[in-house]
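Let me begin by presenting the structure, written as structure tokens, before commenting on it.
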Amino acid sequence: METKQNARLKIANVHDIMIALNPYDTDNTASSLVEEHVISILIAESDPDLVVLYAEFLSRCHVNVTIVVDSNECLSALKSNNFDVIILDEHLSGNILTKDPANEILRVKPYQRIALTTTNPLYRTSTGTDFVGLNQEDILLKPFMLSNLLEVVKRK
């Protein structure tokens, strides 16, 4: 597995912007998470750059993060762990379509909270997500601010 420094350099070489996540950036936003209990989330995202960004940011916010990169890993992790929230990318790779993992998640754990990330316009996404009961607050349109991701994670 790549070191964090190598991953950061790789991201910096292919993107116009690099975000440094210093501890002082996230201490205030994470204080309410630490006082209550540590939140555990599963991020199902196949883009390696976003995986590094989400993990780095949310770890600094004192959130327990588990990351999977395809739909099969997502379902396996769900069956062996309990998560407060699952951040599910609409374009998740794997041999199961995204709507199938979302339905499978709710079949296995009917009260599991799911948030969807997508590059599709909201009108296209919302019609496709009605079957799993997601509301607009549970859909993050890419690109989104990391503070929005944290708000979705904190909302229970």
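The values are calculated or read from the model by the stated rules, or taken from the named source; none is laboratory data. Small disclaimer: the values here were computed from a predicted structure and weren't measured. In this analysis, Cβ positions are derived from the backbone assuming ideal geometry, glycine residues included, and neighbour counts consider all displayed protein chains. Each accessible area value is taken on the protein alone, full model and side chains, heavy atoms only, with ligands, DNA and RNA left out. Shrake-Rupley method; radii C 1.70, N 1.55, O 1.52, S 1.80 Å.
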Return the pairs, sorted by first residue and then second, in which the second residue is open to solvent by 70 Å² or more (accessible area, probe 1.4 Å) and not in a helix (DSSP H, G or I), the first residue lies in the range 135-156 and is of a type in the set (A, V, I, L, M, F, W, C), the beta carbons are less than 9 Å apart, and the residues are 6+ apart or on different chains.
-> 141/119; 146/19
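If you go through the range 37-55 one residue at a time, how many are of a type outside the set (A, V, I, L, M) and within 12 Å of the chain's Cα centre (by Cα)? So that I can check it myself, show each step before the final result.
As a first pass, look at the range 37-55 and keep what is of a type outside the set (A, V, I, L, M): 37, 40, 45-49, 54.
Next cut, within 12 Å of the chain's Cα centre (by Cα) only: 40, 45-47, 54.
Result for the range 37-55: 5.
Residue check: is residue 82 open to solvent by 20 Å² or more (accessible area, probe 1.4 Å) and in a loop (DSSP other than H, G, I, E, B)?
Answer is yes for this residue.
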Checked pairs for the range 108-126, first assigned to a strand (DSSP E or B), second basic (Lys, Arg) and modelled with pLDDT of 85 or more, C-beta under 8 Å and 6 or more apart or across chains, list as 117/142; 118/142
Members of the range 68-79 found to be open to solvent by 50 Å² or more (accessible area, probe 1.4 Å) and either of a type in the set (Val, Ile, Thr) or closer than 23 Å to residue 151 by Cβ (or both), listed by number | 69
Conditions (1) surrounded by fewer than 16 Cβ atoms within 10 Å (Cβ to Cβ); (2) of a type outside the set (Val, Ile, Thr); (3) modelled with pLDDT of 65 or more: number failed by residue 16 | (3)
